[in-house]
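What follows is a short report on a single structure.
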Amino acid sequence: MSERLPTAKELSLIACRSCHLLSRPPSVEESAQILCPRCGAPLHQRKPNSIARTWALILAAYILYIPANVLPITKVTSLGKTQLDTIMSGVIYFVHSGMWPLALVIFIASVFVPLLKLLILTYLLISVQRGSTWRRADRTRLYRITEAVGRWSMLDIYVVTILVALVALGAFATIEAGLGAVFFAAVVVTTMFAAMSFDPRLIWDERK
Ligand SMILES: [Zn+2]
């Protein structure tokens, strides 16, 4: 598994990302637009500007992560009193109420996993930029897990949505999603795009 086989790029082959046909382009020029001979999709040996694009998205996600955690994610109005909760104050509230499994789920889904994803992508980018040859198969696996986890990060938005729906049933309290929820959704979406724009094949490239 860890033995390094030659990459398609080294064999002057290009894989089509739409139909997965492996073809040998007539001339491999970085600037020339090569099209898939079977389905006509544009072919790239590596995603164009993968590293720069991923860095931009990751930095944006780190910045958005701050208001997502500082701003209130829910606004509960009950009998004329309004209570604003951030993700962490919500977690602390659930711990004090004895609902620690719910607190744990929210903490892992909303605080821990989004930050871990960003840290993993940052590590993968730095290791690729430094031309690291260390444990390539494991780093590829790490990327695959990071990309797969994306769909679960929206869990918190579901929790807010369910809370809003549940509380709306009672006449005495209202609950609204706060501005923090918007930033939180932005973090999740930006991180998903960052994971998509990173080209894991870069892990296997030899430094020139
Ligand atoms: Zn194709």
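Observations on the model:
- Residue list for segment 63-105, filter: assigned to a helix (DSSP H, G or I) and either in contact with a Lys or Arg (Cβ under 7 Å, 6 or more places away or on another chain) or among the hydroxyl-bearing types (Ser, Thr, Tyr) (or both): TYR65, SER89, TYR93
- Across segment 83-120, the number of residues qualifying as surrounded by fewer than 16 Cβ atoms within 10 Å (Cβ to Cβ) and charged (D, E, K, R) comes to 0.
- Test: VAL113 is in a helix (DSSP H, G or I) and modelled with pLDDT of 85 or more: yes
- Residues (in a strand (DSSP E or B), open to solvent by less than 80 Å² (accessible area, probe 1.4 Å) and not small (Gly, Ala, Ser)) located in segment 8-27: ILE14
- Residue-level check: of (1) part of a loop (DSSP other than H, G, I, E, B); (2) at pLDDT 90 or above, ALA60 misses just (1).
- Looking across segment 37-68 at every residue that is surrounded by fewer than 16 Cβ atoms within 10 Å (Cβ to Cβ) and among the β-branched types (Val, Ile, Thr), the one that is nearest to the ligand (Cβ to nearest atom) is identified as ILE63.
The values are calculated or read from the model by the stated rules, or taken from the named source; none is laboratory data. Computed from a prediction, not measured in an experiment: that's the story for all the values here. All Cβ positions, even for glycine, are placed from backbone atoms using ideal geometry, and neighbour counts span all protein chains on display. These accessible areas exclude ligands, DNA and RNA; they are computed on the full protein's heavy atoms, side chains included. Shrake-Rupley method; radii C 1.70, N 1.55, O 1.52, S 1.80 Å.
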